[in-house]
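Report on the structure given below.
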Amino acid sequence: MDSPLPTDRPLGDRVTVTLHHLVDVLDEYADDVLTREHAVTFNQYLFLAVLCDLDRPDVTSLARCLRVTKAAVSKRVGSFVRAGWVRTLDDPGNARRVLLELTPAGRALVDTAGRRVEQEFTALFADVEDVDLDRLQTDLTTVLTTVRTSLAARVPTSPLA
């Protein structure tokens, strides 16, 4: 592995870069766990997990929350319906609008796979004495809340705020 870049370089020792890199590595690790054990990619899991958190969104709303295009969501929905994880519903108030919800199988996958990834990451740090995962969770939640509050003030329409 290459040594870290000097701090006077754009990708030097900066918290934003480190956090972004950490997320990339966590995503790839989670992708491996989920693919091996549940035959879904981490991106597929995220699609389903976000859908699980929403109350029967339409394609547009889900795309906004996932920060992808409506076409990307529409393209993926069919395979999730065929897999038995998602069902589509007609919107009684708008005949052209399609609503999405997880099936019981989809909810079970989100629950089981989510717990498994969490177990895997927790086990990674079982012997690392310098990291307190509970404290890290508290700190990261504080950082996330602070950034989301600032984002809401800057970009009131952001689904992430």
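A 1.4 Å probe over all protein chains sorts ARG148, ARG135 by accessible area into ARG135, ARG148, starting with the largest.
Calculated FRET efficiency, LYS70 and VAL25, Cβ-Cβ r, R0 25 Å, to nearest 0.05? Using R0 = 25 Å, I get an efficiency of 0.25. Taking a point 7 Å out from the Cα of VAL50 in the direction of its Cβ, the residues of segment 125-161 whose backbone N falls within less than 15 Å of it are 158-161.
Other residues within the sphere of radius under 14 Å centred on the Cβ of ARG56, judged by their own Cβ, net out at -3 (K and R +1, D and E -1). Take the chain with all the other protein chains still there, run a 1.4 Å probe, and you get 72 Å² of accessible area per residue. Taking amide H atoms as placed 1.01 Å from N in the peptide plane, the amide H of THR88 has no partner under 5 Å among residues 5 or more positions away or on other chains. Less than 5 angstrom separates the built amide H of VAL40 from those of THR35, all sequence-distant by 5 or more or on a different chain. Charged neighbours of PHE47, selected by a Cβ distance under 12 Å, balance to +2 (K, R count +1; D, E count -1).
Restricting the GluC sites (Glu not before Pro) of segment 70-149 to loop positions (DSSP other than H, G, I, E, B) with no more than 10 neighbouring Cβ atoms within 10 Å leaves GLU129. Working note: Karplus 6.51/-1.76/1.60 with θ = phi - 60° gives segment 90-102 the couplings 6, 8, x, x, 7, 4, 8, 8, 10, 9, 10, 8, 6 Hz, where Gly and Pro are set to x.
The values are calculated or read from the model by the stated rules, or taken from the named source; none is laboratory data. Values in this document were obtained by computation on a predicted structure and should not be read as measured data. Don't worry about glycine lacking a Cβ; one is built from the backbone with ideal geometry, like all the others, and counts go over all protein chains shown. The area values use the complete protein model at the heavy-atom level, side chains included, leaving out ligands, DNA and RNA. Shrake-Rupley method; radii C 1.70, N 1.55, O 1.52, S 1.80 Å.
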